[in-house]
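Asks: Got a structure here, written out as structure tokens. Questions coming.
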Amino acid sequence: MSPTPVYLGVDIAKDSLDVHFLGQSHSLANTTAGISRLIKMLSKHPDPGCLHIICEATGGYERALCTALHHNKTTLSVVNP
């Protein structure tokens, strides 16, 4: 049986990534370091394989995050605003 997905929205702006995860709100820089911190946070979930990240297309500001999540084999959906 497949695990129940846990959906996690990431609000992406030019300079920041805002996320609420495991009961805490985080505002991370939309940089390589900030994205690395987010991926490290995601790995702390009891079952990281069930995570499904959702973000909106933001004119390109989402690209670095999407690439990193893809390389990390994290399920991701990019939706139109």
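The values are calculated or read from the model by the stated rules, or taken from the named source; none is laboratory data. Bear in mind the structure is a predicted one, so any value in this text is a computation, not a measurement. Because the Cβ atoms are built from the backbone with ideal geometry, glycine has one as well, and the counts that use them run over all protein chains shown.
Asks: Do you know which residues across region 39-81 are closer than 16 Å to Lys14 by Cα, in contact with a strand residue (DSSP E or B) (Cβ under 9 Å, 6 or more places away or on another chain) and part of a helix (DSSP H, G or I)?
Replies: Leu65, Cys66
Asks: Give all pairs with beta carbons closer than 6 Å in which a residue from region 1-14 that is farther than 17 Å from Val78 by Cβ meets a residue that is assigned to a strand (DSSP E or B); count only pairs at least 6 apart in sequence or on separate chains.
Replies: So the pair list comes out as Val6/Leu51.
Asks: For region 26-52: of the residues being among the small types (Gly, Ala, Ser) and modelled with pLDDT under 95, which is nearest to the chain's Cα centre (by Cα)? Even if it seems obvious, please write down each step before you answer.
Replies: Within region 26-52, the subset among the small types (Gly, Ala, Ser) is 27, 29, 33-34, 36, 43, 49.
Then drop every residue that is not modelled with pLDDT under 95, which leaves 43, 49.
On the way: Ser43: 11, Gly49: 13 Å.
If we take residues in region 26-52 being among the small types (Gly, Ala, Ser) and modelled with pLDDT under 95, then Ser43 is nearest to the chain's Cα centre (by Cα).
Asks: I'd like to know if region 53-61 contains one or more residues that are more than 9 Å from the chain's Cα centre (by Cα) and loosely packed, with under 13 Cβ neighbours inside 10 Å. If you could, list the steps in order and put the result at the bottom.
Replies: We begin by selecting, within region 53-61, every residue more than 9 Å from the chain's Cα centre (by Cα); these are 56-61.
From the residues that got through so far, the ones that are loosely packed, with under 13 Cβ neighbours inside 10 Å too are 59-60.
Yes, region 53-61 has at least one match.
Asks: Looking only at region 10-24, which residues are part of a strand (DSSP E or B) and either modelled with pLDDT under 95 or in contact with a Pro (Cβ under 7 Å, 6 or more places away or on another chain) (or both)?
Replies: Quick first cut of region 10-24, residues part of a strand (DSSP E or B) only: 10-12, 16-21, 24.
Scanning region 10-24 gives His20, Phe21, Gln24.
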